[in-house]
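One structure is given here, and the rest of the page talks about it.
The values are calculated or read from the model by the stated rules, or taken from the named source; none is laboratory data. Values in this document were obtained by computation on a predicted structure and should not be read as measured data. Note that each Cβ is placed from the backbone with ideal geometry, even for glycine, and that neighbours are counted across all protein chains shown.
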Amino acid sequence: MALVREATLSDIRPVAEVFASSFSGSVAHYVSIGDPVDVLADMFSLCLVQKGHFLVVEEDGLVAGYVIAPYSMRRLVLCSLVNLKAFKIALKFLLGRYGIRLSDALRAALNSAKNLFGQKRVGTGSDARILSIAVSPYNQGRGYGRLLLGAALEALSERGVKVVRLEVRPDNLPALRLYRGFGFKEEGTFDDSQGKWTVMVKGRE
C-alpha cells in the first residue's frame, strides 16, 4: 500500500534518482559529463530546510515519487542560501568533485536566474509553489502523482495558503491533465534555454 510521508535525509538520493530518470532530457541539457545524481542529491537536500513541504510516496519501502511544495519560495531560497550545505555544494563544484564541467554549472545557474525573472513577469505573485513533482517511470500510471499533489495542496491549505502556482512544460500532457484536474489554470508562458514554460495557478489573490 502506498504511503505519503515527509521526506527525510535518507530519501534524498532515491528522490534524486527519480528526478534523473523522470527528467532525463533536462538533466542531459545541463550535465554533459559526470554522474548527475550526486549533485542532484545535494541540491535536493537543501529543500529539507523548510519543514512540511517535501513529501515522498513510498511503496514496499521504496521511494516511488516525491513533491516539493514550499509555502514560501522566498523563505526556502533564503534558508537554502544561508545553509552551510550550500557553501559545501559550491565548493564541490569549484573543486570538480561532481565530475561536472564548470560551464555546465554556470549554464544551469544562469538558466535558474532567467527562470526566476521570467516567472515574476507572468501570472500571480503567489509565494506558494509546486516546485517539483515526479514519479519514477516504473511507477507511473498508479495514481501516485495525484496522491502526491493532493497531499501537497492539503498541506499548503493547512498553512492558510489560498493561491498556488507552478510551471510545466507545455508538451507534458499527462502533467497538464493532472494539474487541470486539481483546478489549476494557465496564466501565461515564459522561455528559458530549453524552451517554453507554462505558468499555472490555482486560486486567486
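Within the stretch 185-198, the set of residues being over 20 Å from Gly25 (Cβ atoms) and within 17 Å of the chain's Cα centre (by Cα) is empty. Across the stretch 46-80, which residue is surrounded by the fewest Cβ atoms within 10 Å (Cβ to Cβ) among those that are touching a residue at least 12 places away in the same chain (Cβ under 8 Å), among the small types (Gly, Ala, Ser) and closer than 17 Å to Arg5 by Cα? Across the stretch 46-80, the extreme among qualifying residues is Gly52. Restricted to the stretch 135-205, the set of strands (runs of 3 or more DSSP E) holding at least 3 residues that are touching an Asp or Glu at 6+ places or on another chain (Cβ under 8 Å) comprises 195-202. Give the stretch 166-181 a look and list any residue that's over 20 Å from Gln194 (Cα atoms) and touching a strand residue (DSSP E or B) at 6+ places or on another chain (Cβ under 6 Å), or say none. Within the stretch 166-181, just Tyr179 meets the criteria. From (1) out of contact with any strand residue (DSSP E or B) (no Cβ under 7 Å at 6 or more places or on another chain); (2) at pLDDT below 90, pick out the condition that doesn't hold for Arg146. Going through the list (1) out of contact with any strand residue (DSSP E or B) (no Cβ under 7 Å at 6 or more places or on another chain); (2) at pLDDT below 90, Arg146 breaks only (2). The number of residues in the stretch 44-96 being of a type in the set (Ser, Thr, Tyr), part of a loop (DSSP other than H, G, I, E, B) and either in contact with a helix residue (DSSP H, G or I) (Cβ under 8 Å, 6 or more places away or on another chain) or under 16 Å from Ile12 (Cβ atoms) (or both) comes to 1. All conditions in (1) modelled with pLDDT of 95 or more; (2) of a type outside the set (Phe, Trp, Tyr); (3) surrounded by fewer than 16 Cβ atoms within 10 Å (Cβ to Cβ) hold for Ser112, with the sole exception of (1).
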